[in-house]
Amino acid sequence: MGSAAIDTCFLINWARFSRREELELVFDRLFMPEPTFSEVKSDVALSLASEWLSRRFLVLVPVMPTDEREIEAVLKFVADHPELPSIDPPELYAFLLARRLGIPLLTDNKAPKRISLASEDFSSVLVLDSLDVLKLIAEKGHDIAELVERFMEDTGFKFSRKRLVEIGLLPGSSQRRKRSLEELLEEWRREDEEAREIRRREADWAFIESQPPRLRAALKLYVELGDLHLAARIAGMTVDEFNELRLKARIPVVL
């Protein structure tokens with residue numbers, strides 16, 4: 001076992017997972033930057049965070065003296081590649097914390113993983129999303145199909161065919177060769193379009209259209225982009241609060 005850094009989205013998603021205790025089969029300590037933790041607002045997520053903090057499974061880390069060049073390098077890379085999702089400050093804090101400590105980052109946001117895959121400067125950061133972590137848990141002797149099914153039911157997630165092939169739940173071969181940046185960007189473009197179609201199809205449009213204008217606009221933006229942080233800002237909510245609204249609107253997180 002080892003340590004990992006986590007961001008807000010990972011915490012709030014796993015707070016809803018009924019088998020979340022099995023996370024401790026693969027990690028013995030989680031680190032979260034204090035500014036990232038400030039986004040956590042829902043009773044469900046705060047209850048889990050309190051439990052983890054009391055057992056020192058979760059440790060809050062103050063903002064460290066930051067090398068401005070490090071932040072600028074991440075932001076410049078994203079700015080130079082508009083195909084990449086934007087990275088918000090809470091994600092950025094967690095990403096750089098993982099890099100400095102030499103530990104994985106657990107996040108369900110796409111930006112950190114794509115940056116680590118596309119940029120040689122940040123390729124040392126191992127970014128794991130919930131499906132990656134479920135696979136690690138399964139390797140400890142649990143049924144991966146049961147884990148994935150329960151996770152999707154509890155959290156409102158959908159996993160793409162490509163990802164399910166990668167973990168062996170669907171037949172097919174997963175591509176493992178090193179790809180160029182252009183190939184990665186084209187692959188991600190296709191993945192984003194597939195995810196958008198799934199969100200459009202699964203969303204409760206009657207619920208969305210019944211919302212006040214600001215919330216309606218935020219939900220529609222989330223359907224199109226899948227960007228929880230940006231949608232939360234449009235809604236005037238924290239990420240945690242907007243995630244509760246997302247669940248009511250039946251809009252899946254698609255990985």
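The table below gives the values:
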item: The range 1-53, Rg to Rh (Cα coordinates; Rh as Kirkwood inverse mean 1/r); result: 0.93
item: V61 long-range amide H proximity, modeled H, under 5 Å; result: M32, E34
item: Positive minus negative residues near V127 (Lys, Arg vs Asp, Glu; Cβ under 13 Å); result: -1
item: Per-residue [θ]222 nm for the chain (sum of -39500 (n - 2.57) over DSSP H runs n ≥ 4, rounded to 500); result: -16500 deg cm²/dmol
item: Calculated from backbone phi, Karplus (6.51, -1.76, 1.60) coupling profile of the range 138-144 in Hz, x at Gly/Pro; result: 4, 5, 8, x, 10, 6, 5
item: Over 19 Å between alpha carbons, listed pairs K41/K76; K135/K162; K113/K140; result: K41/K76; K113/K140
item: At 1.002 mPa s and 20 °C, Stokes D of the range 2-133 from Kirkwood alpha-carbon radius, µm² per second; result: 143 µm²/s
item: By average C-beta atoms within 10 angstrom, highest first, the peptides 75-84, 116-125; result: 116-125, 75-84
item: Debye log10 I(q)/I(0) for the range 194-252, one point scatterer per Cα, at q = 0.14, 0.21, 0.25 Å⁻¹; result: -0.29, -0.67, -0.97
item: Measure of compaction for the range 156-254 (Cα Rg per 2.2 N^0.38 Å); result: 1.23
item: 5 angstrom amide H check on V254, placed H, neighbours 5+ away; result: K158
item: Whether the chain is rounded, prolate or oblate, judged on the alpha carbon gyration tensor where a/c under 1.5 counts as rounded; result: rounded
item: Cα→Cβ-extended label distance, 7 Å offset, between F207 and D143, nm; result: 2.9 nm
item: Protection proxy ranking, peptides 136-145, 153-162, average beta carbon neighbours within 10 Å, highest first; result: 153-162, 136-145
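Read-outs: derived from the displayed coordinates by stated rules, not from any lab. Bear in mind that the values here come from a model prediction, so they are computed numbers and not experimental data. Cβ coordinates were reconstructed from backbone atoms using ideal geometry, including for glycine residues, and neighbour counts include every protein chain displayed.
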